[in-house]
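The values are calculated or read from the model by the stated rules, or taken from the named source; none is laboratory data. These numbers come from a predicted model, not from an experiment. FYI the Cβ positions are ideal-geometry reconstructions off the backbone, even for glycines, and counts take in every protein chain you see.
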Amino acid sequence: MSSTLPSNVDQFKGVKPPPKERAPIGGIVVTVILGLALVAIIFVAVTRLTSGGLSRPSATAVPTAAASSPAEATVQAAGTPADPATQQAIEQVITQVDQAQVQAIQSGDPSVMTATATSQFYQDQVANNQDLVDNGVTDIKLVNIEWGSILVNGNSAVATDYETWSTTFQDGTTEQARDRNVYTLVNDNGTWKVQADDHPDQQASGNSSPGPPSAP
């Protein structure tokens, strides 16, 4: 007869089915609570959106970029984009002003700049050219013009462009610079003339006026 020992006691017991595992009550409760909370949050958000509590910022809330110069700010307040014919005429005048400055430096005769400039701007150009010469400039060349906006307000206009100039000095060195120009123009009996030429980027960086080594 076999004996019952601690090592074989299970052989003499009836085999019982394994107990069923119960789902943890705490986990179910937590899941239900989280689900209800999520539904409540979604409900509140939808309610606030429909009632106007949450909304996108309006267009007026976005700050507009400030004008680059007083002249540009004045025309932008009431100015409109130039029509194709006016745009072409203004671009042609500005190009002629630049070419006249090149010719004036090369020939030493500033009178070639009178046709496309007001009397005040002509005097400004004469003084500017003298500054260039005094700083050892012997030649200037307009390399490229990139046109920006042209806004017209009656007989006034503001044109922005980006000009690349090459400047040659007495010692033979050459420097090239690209600068933003904001031109103010007036219509004089049907002819556009340049009244002023601002360099807002030079002014912001501390350069008071055009001249070497910056573009004319």
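Out of Val112, Val158, Val186, one residue alone is part of a helix (DSSP H, G or I), among the β-branched types (Val, Ile, Thr) and surrounded by 13 or more Cβ atoms within 10 Å (Cβ to Cβ). It is Val112.
Would you check if there is a residue in segment 117-133 being in contact with a helix residue (DSSP H, G or I) (Cβ under 7 Å, 6 or more places away or on another chain) and either modelled with pLDDT under 95 or assigned to a strand (DSSP E or B) (or both)? Scanning segment 117-133, I find at least one residue that is in contact with a helix residue (DSSP H, G or I) (Cβ under 7 Å, 6 or more places away or on another chain) and either modelled with pLDDT under 95 or assigned to a strand (DSSP E or B) (or both), so the answer is yes.
Return the residue satisfying two criteria in turn: it lies in segment 115-151 and is of a type in the set (Gly, Ala, Ser) and surrounded by fewer than 20 Cβ atoms within 10 Å (Cβ to Cβ), and of such residues it is nearest to Asn181 (Cα to Cα). Residue satisfying both the conditions and the ranking: Gly148. Here Gly148, Gly136 are screened, and the one residue that is at positive phi and at pLDDT 95 or above is Gly136.
Taking each residue of segment 95-118 that is within 13 Å of Ala196 (Cα to Cα) and looking for partners that are part of a strand (DSSP E or B) and at pLDDT below 95 with beta-carbon atoms closer than 9 Å, six or more apart or interchain, yields Thr118/Asp188. Report yes if some residue within segment 133-144 is in contact (Cβ under 8 Å) with a residue 40 or more places away in the chain and out of contact with any Phe, Trp or Tyr (no Cβ under 9 Å at 6 or more places or on another chain); otherwise report no. Checked against the condition, which is being in contact (Cβ under 8 Å) with a residue 40 or more places away in the chain and out of contact with any Phe, Trp or Tyr (no Cβ under 9 Å at 6 or more places or on another chain), segment 133-144 yields no hits at all.
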